[in-house]
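In what follows, a single structure is set out as structure tokens and then discussed.
The values are calculated or read from the model by the stated rules, or taken from the named source; none is laboratory data. Just so we're clear, the structure is a prediction, and the values are computed from it rather than from any experiment. Here the Cβ positions follow ideal geometry from the backbone for every residue, glycine too, while neighbour counts run over all protein chains shown. The protein model used for the area step is the full one, side chains on, heavy atoms only, and it has no ligands, DNA or RNA in it. Shrake-Rupley method; radii C 1.70, N 1.55, O 1.52, S 1.80 Å.
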Amino acid sequence: MLKARHEGQALVAFYFFYFCALGAFMPYWGPWLRSVGQDAFAIGLLTAAVQFSKVLAPNVWGWLLHHASMRWLIGAGGLAAALNFLLLFWAGGHFLALLLITLLFSFFWAATLPLVDNISMAWAERQGRRYGRIRLWGSIGFIALSLAMGVLVSQWGLRSFLPGIALFLFLTWWASRFLPFDSEPQTIASSTLPAFLPELRDFRLWFFLAAGILEQASHGVYYAFYSIYVEAHGYDSTTVGLLWALAVLAEVLFFWFGDRILQRWGTMTIFVSAFLLTALRWMVIAVWPGFVWIVLVQTLHAASYAAFHLAAIHWVFARFPQALRPRGMALYASLVYGLGGGLGALAAGWAWSHWGGSFTFFVAGVLAAVATLLLLGMFRPHSALEKWV
């Protein structure tokens, strides 16, 4: 019992510190880049670099898992992310230096989370716990630092941005040393693994990934430009922090009840509802009908991120056999959050520089609506198309 308690605390600490760093990073990355002289297209490209790193990193780490222990990989990735992030202190406003450093630190930063998600799901299943109630501590960390960073920025300016994130990257690495690594097999010989390629022949997997890519692509403008968009409407950095915190508070509430909601309503209902509410969220922001409406639609982050992610984690975890789950999680993270998020941020930077914020958010809403159609293929009966050959 005591061991299980300490294992749960280690998972909570990892998610909390990891998302503290993210909570400081996401709302103020765009404004910080602007403060060092980057234009809208450069901001979009540098945000896309963070996302594109997720395409390669989880898959490389999933492959390395057959040659090194998960304990070593997660620890090495966390420490490398923190050390490489420190290079931003010397990058100044040089775009190429910013791009290279961003690709480097985010490659290691992105690598660890899918592996820890896999550990968390396995541990929760073994202990009779709920993944959502472990993961929500990451959302609480995000709230804490998005609020705290808003206050720091309003008091001390954006010079507080880099030190705040670096601190929590190192704390994330420290917490990773105590994770329950025995929840999953350690190094698995490639010769004993079931084949991964046959798992990729299921058409429903690709409908799921395509829908997820579009849904996450629609978030590109939010992650890259939402803070700038709010400030353009006359609000200060403290208000920006509060809006981000409100969104993640809604996320926390969904994670707390989400496992029960998922069990009651089913995966398809959760996916469809999440995608349609995501489309509504972006279109309301595009119109900007008033600050009260903007506050209300921030609560839809419970749908656009939390509901989608929780349903996706459960779907992927059930979809792959145990030995292939780390690679399944890596595939999901790399294509949906990496490719989808990267393309979305890159397109948002281009659209923002040509047509402005309202149009870009409207297009994001259209993307989320189109993604809903792909769910129809994801939930078709398996016998309808069988497996691709």
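Summary table
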{"quantity": "Residue match in the stretch 331-339 (condition: surrounded by 24 or more Cβ atoms within 10 Å (Cβ to Cβ), closer than 16 Å to LEU246 by Cβ and within 17 Å of the chain's Cα centre (by Cα))", "calculated": "no"}
{"quantity": "Conditions (1) over 23 Å from LEU64 (Cβ atoms); (2) part of a helix (DSSP H, G or I); number of the one not met by ALA82", "calculated": "(1)"}
{"quantity": "Filter result (more than 13 Å from ASN118 (Cβ to Cβ) and more than 20 Å from the chain's Cα centre (by Cα)) within the stretch 58-70", "calculated": "TRP63, LEU64, HIS66, HIS67, ALA68, SER69"}
{"quantity": "Scope the stretch 350-374; condition touching an Asp or Glu at 6+ places or on another chain (Cβ under 9 Å) and aromatic (Phe, Trp, Tyr); matching residues", "calculated": "none"}
{"quantity": "Test: residue in the stretch 85-101 that is under 17 Å from the mean Cα position of the chain (by Cα) and either free of Cβ contacts under 8 Å to residues at least 60 places away in the same chain or under 18 Å from ARG177 (Cα atoms) (or both)", "calculated": "no"}
{"quantity": "Residue list for the stretch 367-380, restricted to those being open to solvent by less than 60 Å² (accessible area, probe 1.4 Å) and out of contact with any Leu (no Cβ under 8 Å at 6 or more places or on another chain)", "calculated": "LEU375, GLY377, MET378"}
{"quantity": "Pairs, first outside any helix (DSSP H, G or I) in the stretch 358-370, second open to solvent by less than 40 Å² (accessible area, probe 1.4 Å) and at pLDDT 95 or above, C-beta under 9 Å, six or more apart", "calculated": "none"}
{"quantity": "Segments classed as helices (runs of 4 or more DSSP H), wholly inside the stretch 224-317, with at least 1 members that are modelled with pLDDT under 90 and not small (Gly, Ala, Ser)", "calculated": "237-265, 267-287"}
{"quantity": "Residue in the stretch 146-164 that is closer than 18 Å to PRO31 by Cα, at pLDDT 90 or above and open to solvent by 60 Å² or more (accessible area, probe 1.4 Å) present", "calculated": "yes"}
{"quantity": "Residue match in the stretch 30-48 (condition: closer than 16 Å to PRO114 by Cβ, of a type in the set (Ser, Thr, Tyr) and within 21 Å of the chain's Cα centre (by Cα))", "calculated": "no"}
{"quantity": "Failed criterion for SER304 (all others in (1) within 23 Å of SER139 (Cβ to Cβ); (2) among the hydroxyl-bearing types (Ser, Thr, Tyr); (3) surrounded by fewer than 21 Cβ atoms within 10 Å (Cβ to Cβ) hold)", "calculated": "(3)"}
{"quantity": "Residue in the stretch 186-222 that is modelled with the highest pLDDT, counting only those that are among the β-branched types (Val, Ile, Thr) and open to solvent by 50 Å² or more (accessible area, probe 1.4 Å)", "calculated": "THR192"}
{"quantity": "Condition check for ASP182: modelled with pLDDT under 90 and buried (at least 16 other Cβ atoms within 10 Å of the Cβ)", "calculated": "no"}
{"quantity": "Every residue from the stretch 48-77 that is more than 22 Å from ALA224 (Cα to Cα) and open to solvent by 40 Å² or more (accessible area, probe 1.4 Å)", "calculated": "ASN59, VAL60, TRP63, LEU64, HIS67, ARG71, TRP72"}
{"quantity": "Hits in the stretch 165-182 (condition: in a helix (DSSP H, G or I) and either closer than 18 Å to GLY30 by Cβ or in contact with a Gly (Cβ under 9 Å, 6 or more places away or on another chain) (or both))", "calculated": "ILE165, PHE168, LEU169, PHE170, THR172, TRP173, TRP174, ALA175, SER176"}
{"quantity": "Subset of the stretch 102-131 (residues that are without any contact (Cβ under 8 Å) to a residue 60 or more places away in the chain and basic (Lys, Arg))", "calculated": "ARG126"}
{"quantity": "Verdict on GLY93 being part of a helix (DSSP H, G or I), among the small types (Gly, Ala, Ser) and more than 17 Å from SER227 (Cβ to Cβ)", "calculated": "no"}
{"quantity": "Contacts under 7 angstrom Cβ, first residue in the stretch 223-234 being open to solvent by 10 Å² or more (accessible area, probe 1.4 Å), partner among the aliphatic types (A, V, I, L, M), 6 or more apart", "calculated": "TYR223/MET26; TYR223/ALA345; GLU231/VAL240"}
{"quantity": "Breaking point among (1) over 25 Å from LEU45 (Cα atoms); (2) touching a residue at least 60 places away in the same chain (Cβ under 8 Å), for GLY78", "calculated": "(1)"}
